[in-house]
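The values are calculated or read from the model by the stated rules, or taken from the named source; none is laboratory data. Note that the structure is a prediction, hence the values are computed from the model and not measured. Note that we place each Cβ from the backbone using ideal geometry, even for glycine, and neighbour counts take in every protein chain shown.
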Amino acid sequence: MAIELAKRVLDRLEEHGFEAYYVGGCVRDWLLQRPVHDIDICTNAHPGDVILLFPDHVPTGLKHGTVSVKVEGQLFEVTTFRTEGKYEDYRRPAEVQFVSELRLDLERRDFTMNAMAMDRHQVLHDPFGGQEDIEHRLVRAVGIPLERFQEDALRLLRGVRFASQLGFVIEDQTMLAMKQMAPLLAHIAVERIREELNKTLDSKAPEVGCQLLNETRLMAYAPEVEKLFILSNEHAWRLRHLQTVTQKWSLLLFAANYSPVQAREVCRFLKMSKRETEAICCLVELLTRLQPKWDVPQEIEWGPLLLEVGWDTCNEFFLLLQACWWEERQSFSMQALLDQYENMPVKTIKDLAITGLDLQVAVQKKPGEWIVRVLESLLRQTALHGLPNTPEALVEVAKKEVAQDEH
Ligand code: ATP
Ligand code: MG
């Protein structure tokens, strides 16, 4: 499907006398028979030629030779063969040079499995042995590993990420260079680091990535993050049983015995969004409060938790507990949580038969923080302890509570 559309781009370039290839991640994923999420194309045509041949385009990164070509609504990045000039700050080339040879373009790429191209007749161009490395399940830097990591330190984390996404091993020389170049990661923007860590956690074998982070000491420049991976290592296998990176970060933080305050610091260091930070800190707080013992399921009183943090968070928390108690998962079912939720006649303050204003009128008292306090108490009593949800019953209890408060 997508490949047929992409092939039209290759066809058109070749019909006009240019070379064109599928390149990078898509070729790797085809060989691995993994789903391909974007198809990149490289060509010896200059960006100006590409623009002329494909009027329907977006000039995504002209300076770097990239034009996004649209075919039936789908975008394909078409990039002119290039080499990268001298690198600055261990992360980006100061300039790129367009070249006429495919091999030179493949040479600038990070790992052998990402340095292959395929033409429209499915002939593979693989000057660095990527296919063989894929067969041996190896992550190997193209060329001299030390130099490659020095050029762009983000490659260090990309290596770990690919190993855990694909369940590959890092080739010895590449591994040695990673250990040696680890401190260079300090030069990389933390947003890009977070993105690679998230992809690692989100991968097929996240525990492989965690183990590699410890072995290579890539995060040594950020002691709180490094310590997190060291201390949580023995529980990292449980990550496979979780669904979202929010849950995964929370599990690691709990496994490392980090307090909610320390958890917040890690989130801040990694510049996570406010929403993500709050979600993680809330889950870590719940875990810290409940202190679930590993592999020892215990009864949970879901009612008060449901009222406190709501269904969505309880559901995420449930999944976390399931990972904490994985071996016993048979005896720990979702049913208790579902039952409790369904049995609650009211679920939030909005479901109560009276409003704050009704309360104020009934009690004849100036508005103040007492209103929320009393409403919350009424919610607990109706949701969990059988108080009827009628205006009369609620007002009666409210009056008693206010009177008690005043004493
Ligand atoms: P993904 O499945 O995550 O998209 P990918 O291999 O396609 O993996 P991209 O970041 O989309 O990764 O990059 C596309 C290609 O560009 C890579 O396959 C690789 O050849 C090259 N590349 C990307 N980032 C780097 C880098 N930092 N250094 C060298 N080559 C890189
Ligand atoms: Mg890609």
**Request:** Inspect all residues belonging to the range 219-241 and state whether any of them is over 19 Å from the mean Cα position of the chain (by Cα) and either more than 24 Å from Lys179 (Cα to Cα) or of a type in the set (Ser, Thr, Tyr) (or both).
**Result:** yes
**Complete:** Within the range 92-119, restricting to residues that are more than 28 Å from Leu185 (Cα to Cα) and aliphatic (A, V, I, L, M), the one that is farthest from ligand 1 (Cβ to nearest atom) is Val99
**Any helices (runs of 4 or more DSSP H) falling wholly within the range 120-217 and containing at least 2 residues that are more than 14 Å from ligand 1 (Cβ to nearest atom)** = 130-135, 172-181, 190-201, 206-216
**Asked** Can you name the residue in the range 222-245 that is touching a residue at least 40 places away in the same chain (Cβ under 8 Å) and surrounded by fewer than 20 Cβ atoms within 10 Å (Cβ to Cβ) and is also nearest to Ile188 (Cα to Cα) among such residues?
**Response** Ala222
**Candidate set: the range 7-40, residues that are touching a Phe, Trp or Tyr at 6+ places or on another chain (Cβ under 9 Å) and under 27 Å from Gly167 (Cβ atoms); chosen: the one nearest to ligand 2 (Cβ to nearest atom)** = Asp38
**Asked** Can you tell me how many residues in the range 35-74 are within 11 Å of ligand 1 (Cβ to nearest atom) and either exposed (fewer than 14 other Cβ atoms within 10 Å of the Cβ) or not assigned by TED's automatic domain parsing to the domain that holds Leu102 (or both)?
**Response** 2
**Prompt:** What number of residues within the range 41-60 satisfy the criterion of being part of a helix (DSSP H, G or I) and either touching a helix residue (DSSP H, G or I) at 6+ places or on another chain (Cβ under 7 Å) or within 9 Å of ligand 2 (Cβ to nearest atom) (or both)?
**Reply:** 2
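Rundown of residues vs (1) more than 16 Å from Glu301 (Cβ to Cβ); (2) touching a Cys at 6+ places or on another chain (Cβ under 7 Å); (3) touching a residue at least 12 places away in the same chain (Cβ under 8 Å), yes/no style:
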position: Leu338; (1), (2), (3): no, no, no
position: Val372; (1), (2), (3): yes, no, yes
position: Leu375; (1), (2), (3): yes, no, yes
position: Arg380; (1), (2), (3): no, no, yes
**Prompt:** When only residues in the range 153-171 that are of a type outside the set (Lys, Arg) and within 16 Å of ligand 2 (Cβ to nearest atom) count, which is surrounded by the most Cβ atoms within 10 Å (Cβ to Cβ)?
**Reply:** Gly159
